Amino acid sequence: MKKILVLGAGFVAEPLVEYLSRRTENSITIASYLLQEAQDLATKFTRVKAIQLNVSKQEVVAEALANFDLVISLVPAPFHPTIAKAAIEAKVSMVTASYESDEMRALASEIKAAGITILNEIGLDPGIDHLSAMQIIEETQAKGDTINTFVSWCGGLPAPEYNNNPLGYKFSWAPKGVLMALLNEAKYLHDSEAITVSSEKLMDWAKPLKISELSLEGYPNRESISYKNVYGIENAESILRGTLRYQGFSEIIKGAYQLGLLSMQELTVNSQTWQEFIVSINEAADIEQLKANISHNASDALQWLGCFSDKLIAPKNTPIDIFCELLIEKLQYLENETDMVVLQHKFVAKKVNGEEYFISSTLKALGDVDGYSAMSKTVGYPAAIASQMILDGIYDLKGLRLPVTQNIYQPVLEALEQEGIICEEQYYSSDDIAKNQFLSELN
């Protein structure tokens, strides 16, 4: 019997538990701070139990882990260092779908000394993006060729038929994380030059993209340059990892930014209408003056959201929290609406003789009506597959790890294909007409 502790019972947990429960020798326990939440998920499966657990307390987690062979953490990333310390103490391996933080890296020597595996970044982004990128990179390098340019885009969006609001976006979880990501500067490499985009200019940077016949736009993520080393493409001249949205999103979010709606400054608000609130935080004469300062499209979209209405605002401590409450209300997935995940890598490779060729890898996954969302599948299944590989001893590398080696990317990609999650690769020669659009999106 293999005993697995799953921390967190959110929307990503169900496909993960479903995958692991296919093996009768797996005994799964779901833990949540809210016992009812864990119980609601556990009752959907046989051989799955539910417990209450406070993951913020290392000693409590370590005591719980004494009875398990593996812990999978699906709770917010700030809790992962505490859970990792408990895993080290209990000598239990750990899997997460979150970015590897500096706090986790600081534990690397202790993880190695404990003789356990802690595998991070095995979801969608990060996760499948690593797997599909490394497969192409190592196949290219095995031929003696080099990667000169690497550009990667990923986004979770409403399926095209449900793209029915001005922002082209809907939330299946709390929106604050999405907005907070827009407040960070971005760094990437272009023609061997390190480029920094300030948070104030991030939405201005957004560029139109065409992927799988979809009209999208993309803007860079926080930090791309370090992936030269992560992916072993130290000689690459251009590297960019970015976020995908439907076209128009960035213009609207820029308008919200200009109106102070993404501010984290604490304030005290009385009972106010949205119109009164917008005027007060901008110290403006009236709402029409403010609307004139943003683009027409942004003004119309924020009007649709209710930002200029006589509706009362939610009593929160910061403008961004007040804005998030409005987004939750207006931009939810309705019953029978589904989401979509789009992931695309583009490479410029160079042969030994100097001839260039071009490679793309594209994943488009749709959610299932009355089933799992595309996002939950593409995060939950990779984490589950990698967890099973650790339990089975197929992936036996110890220490702090990322899924960038062939002994994990190849079997996980093969297993994902069985779940209908497939990255389609295309190759273009230097004289291929299709390369023109390909190259235009790299500049």
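The values are calculated or read from the model by the stated rules, or taken from the named source; none is laboratory data. Just so you know, these numbers come straight off a predicted model, no measurement behind them. Note that we place each Cβ from the backbone using ideal geometry, even for glycine, and neighbour counts take in every protein chain shown. Quick note on the areas: whole protein, heavy atoms, side chains included, nothing else; ligands and nucleic acids left out. Shrake-Rupley method; radii C 1.70, N 1.55, O 1.52, S 1.80 Å.
Any residue at all in segment 218-229 that's assigned to a helix (DSSP H, G or I) and basic (Lys, Arg)?
Among the residues of segment 218-229, at least one is assigned to a helix (DSSP H, G or I) and basic (Lys, Arg), which makes the answer yes.
Condition test on Ser238, is it polar (S, T, N, Q), farther than 23 Å from Lys364 by Cα, touching a residue at least 12 places away in the same chain (Cβ under 8 Å) and open to solvent by 60 Å² or more (accessible area, probe 1.4 Å)?
Details: polar (S, T, N, Q): yes; farther than 23 Å from Lys364 by Cα: yes; touching a residue at least 12 places away in the same chain (Cβ under 8 Å): yes; open to solvent by 60 Å² or more (accessible area, probe 1.4 Å): no.
Taking the combined requirement at face value, the residue does not satisfy it.
Select from segment 19-36 the residues that are open to solvent by 30 Å² or more (accessible area, probe 1.4 Å) and in contact with a Phe, Trp or Tyr (Cβ under 7 Å, 6 or more places away or on another chain) and list them in ascending order.
Filtering segment 19-36 for residues open to solvent by 30 Å² or more (accessible area, probe 1.4 Å) gives 19, 22-25, 33-36.
The one that is open to solvent by 30 Å² or more (accessible area, probe 1.4 Å) and in contact with a Phe, Trp or Tyr (Cβ under 7 Å, 6 or more places away or on another chain): Tyr19.
Kindly indicate whether any position in segment 207-216 is buried (at least 18 other Cβ atoms within 10 Å of the Cβ) and in contact with a helix residue (DSSP H, G or I) (Cβ under 6 Å, 6 or more places away or on another chain).
Within segment 207-216, the first condition is being buried (at least 18 other Cβ atoms within 10 Å of the Cβ), and the residues that meet it are 209, 211, 216.
With in contact with a helix residue (DSSP H, G or I) (Cβ under 6 Å, 6 or more places away or on another chain) added as a condition, the list becomes none.
No, segment 207-216 contains no residue that is buried (at least 18 other Cβ atoms within 10 Å of the Cβ) and in contact with a helix residue (DSSP H, G or I) (Cβ under 6 Å, 6 or more places away or on another chain).
Please specify each residue of segment 37-55 satisfying the condition of being in a loop (DSSP other than H, G, I, E, B), of a type outside the set (S, T, N, Q) and in contact with a Ser or Thr (Cβ under 9 Å, 6 or more places away or on another chain). Steps first, please.
Keep residues of segment 37-55 that are in a loop (DSSP other than H, G, I, E, B), which gives 43-47, 53-55.
If we keep only those that are of a type outside the set (S, T, N, Q) too, we end up with 44-45, 47, 53, 55.
Matches in segment 37-55: Phe45, Arg47, Leu53, Val55.
Is there any pair with a first residue in segment 345-367 that is over 11 Å from Ile136 (Cα atoms) and among the basic types (Lys, Arg) and a second that is open to solvent by 40 Å² or more (accessible area, probe 1.4 Å) and not in a strand (DSSP E or B) whose Cβ atoms are under 6 Å apart and which are 6 or more apart or on different chains, and what are they?
Lys364/Ser212
Restricting to segment 37-77, and then to whatever is acidic (Asp, Glu) and touching a strand residue (DSSP E or B) at 6+ places or on another chain (Cβ under 9 Å), can you tell me which residue is surrounded by the most Cβ atoms within 10 Å (Cβ to Cβ)? Steps first, answer last, please.
Here is the first cut: in segment 37-77, the ones acidic (Asp, Glu) are 37, 40, 59, 63, 69.
Filter once more, keeping what is touching a strand residue (DSSP E or B) at 6+ places or on another chain (Cβ under 9 Å): 37, 40, 69.
On the way: Glu37: 18, Asp40: 14, Asp69: 16.
It comes out as Glu37.
How many residues does segment 368-396 hold that are touching a residue at least 24 places away in the same chain (Cβ under 8 Å), part of a loop (DSSP other than H, G, I, E, B) and within 21 Å of Val6 (Cα to Cα)? Walk me through it before giving the result.
Pass one, segment 368-396, residues touching a residue at least 24 places away in the same chain (Cβ under 8 Å): 368-370, 372-388, 390-391, 395-396.
Restricting the remaining residues to those that are part of a loop (DSSP other than H, G, I, E, B) gives 368-370, 372-373, 395-396.
Of the ones still in play, those that are also within 21 Å of Val6 (Cα to Cα) are 372-373, 395-396.
The qualifying residues number 4.
Rundown of residues vs (1) in contact with a strand residue (DSSP E or B) (Cβ under 8 Å, 6 or more places away or on another chain); (2) under 16 Å from Met180 (Cα atoms); (3) surrounded by fewer than 22 Cβ atoms within 10 Å (Cβ to Cβ), yes/no style:
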| position | (1), (2), (3) |
| --- | --- |
| Asp310 | yes, no, yes |
| Pro315 | no, no, yes |
| Pro319 | no, yes, no |
| Phe347 | yes, no, no |
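Check off (1) out of contact with any strand residue (DSSP E or B) (no Cβ under 6 Å at 6 or more places or on another chain); (2) within 21 Å of Gly177 (Cβ to Cβ); (3) surrounded by 15 or more Cβ atoms within 10 Å (Cβ to Cβ); (4) not aromatic (Phe, Trp, Tyr) for Met264 and give me the number that stays unchecked.
(3)
Given the options Val269, Val279, name the one that is farther than 17 Å from Glu325 by Cβ and either β-branched (Val, Ile, Thr) or modelled with pLDDT of 90 or more (or both). Break it down stepwise before answering.
Working: Val269 fails: farther than 17 Å from Glu325 by Cβ.
Just one listed residue meets the conditions, Val279.
Can you name every residue in segment 281-297 that is touching a residue at least 40 places away in the same chain (Cβ under 8 Å) and either part of a helix (DSSP H, G or I) or open to solvent by 90 Å² or more (accessible area, probe 1.4 Å) (or both)?
Within segment 281-297, Asn297 is the sole residue that qualifies.
When segment 177-209 is examined, which residues are found to be among the polar types (S, T, N, Q) and assigned to a helix (DSSP H, G or I)? Talk me through it step by step, then tell me what you get.
If we filter segment 177-209 for residues that are among the polar types (S, T, N, Q), which is where we start, we get 184, 192, 196, 198-199.
Answer for segment 177-209, where residues must be among the polar types (S, T, N, Q) and assigned to a helix (DSSP H, G or I): just Ser199.
Please state which one of Leu119, Leu107 is surrounded by fewer than 22 Cβ atoms within 10 Å (Cβ to Cβ) and not β-branched (Val, Ile, Thr). Steps first, please.
On the way: Leu119 fails: surrounded by fewer than 22 Cβ atoms within 10 Å (Cβ to Cβ).
Going through Leu119, Leu107 in turn, just one is surrounded by fewer than 22 Cβ atoms within 10 Å (Cβ to Cβ) and not β-branched (Val, Ile, Thr): Leu107.
Among residues belonging to segment 351-377 that are in contact with a Phe, Trp or Tyr (Cβ under 8 Å, 6 or more places away or on another chain) and over 18 Å from Leu216 (Cβ atoms), point out the one that is most open to solvent (accessible area, probe 1.4 Å).
Lys351
Name the residue, out of Ile147, Ile88, that is in contact (Cβ under 8 Å) with a residue 60 or more places away in the chain and either farther than 30 Å from Leu363 by Cα or under 26 Å from the mean Cα position of the chain (by Cα) (or both). Even if it seems obvious, please write down each step before you answer.
On the way: Ile88 fails: in contact (Cβ under 8 Å) with a residue 60 or more places away in the chain.
Testing whether each residue is in contact (Cβ under 8 Å) with a residue 60 or more places away in the chain and either farther than 30 Å from Leu363 by Cα or under 26 Å from the mean Cα position of the chain (by Cα) (or both) leaves just Ile147.
Take the residues in segment 298-347 that are assigned to a loop (DSSP other than H, G, I, E, B) and of a type in the set (Gly, Ala, Ser); name whichever of them is farthest from Met264 (Cα to Cα). Before you say what the answer is, go through the steps one by one.
At the first step, the residues of segment 298-347 found to be assigned to a loop (DSSP other than H, G, I, E, B) are 306-311, 313-318, 331, 333-338.
Then drop every residue that is not of a type in the set (Gly, Ala, Ser), which leaves 306, 309, 314.
Values: Gly306: 20, Ser309: 22, Ala314: 15 Å.
Across segment 298-347, the extreme among qualifying residues is Ser309.
Restricted to segment 155-171, and to residues that are open to solvent by 10 Å² or more (accessible area, probe 1.4 Å) and in a strand (DSSP E or B), which residue is farthest from Ile328 (Cα to Cα)?
Gly156
Which number in (1) of a type in the set (Val, Ile, Thr); (2) under 23 Å from the mean Cα position of the chain (by Cα); (3) buried (at least 22 other Cβ atoms within 10 Å of the Cβ) marks the one condition that Ile278 misses?
Tallying (1) of a type in the set (Val, Ile, Thr); (2) under 23 Å from the mean Cα position of the chain (by Cα); (3) buried (at least 22 other Cβ atoms within 10 Å of the Cβ), Ile278 fails exactly one: (2).
Can you tell me which condition Ala174 does not meet? The list is (1) over 18 Å from the mean Cα position of the chain (by Cα); (2) among the aliphatic types (A, V, I, L, M); (3) in a loop (DSSP other than H, G, I, E, B), and all the others hold.
(1)
Among residues belonging to segment 335-344 that are touching a residue at least 60 places away in the same chain (Cβ under 8 Å) and of a type outside the set (Val, Ile, Thr), point out the one that is nearest to Gly123 (Cα to Cα). Let's see the steps before the verdict.
Within segment 335-344, the subset touching a residue at least 60 places away in the same chain (Cβ under 8 Å) is 337-344.
Those still in the list that are of a type outside the set (Val, Ile, Thr) too: 337, 339-340, 343-344.
On the way: Glu337: 23, Asp339: 17, Met340: 15, Leu343: 13, Gln344: 15 Å.
Here the answer is Leu343.
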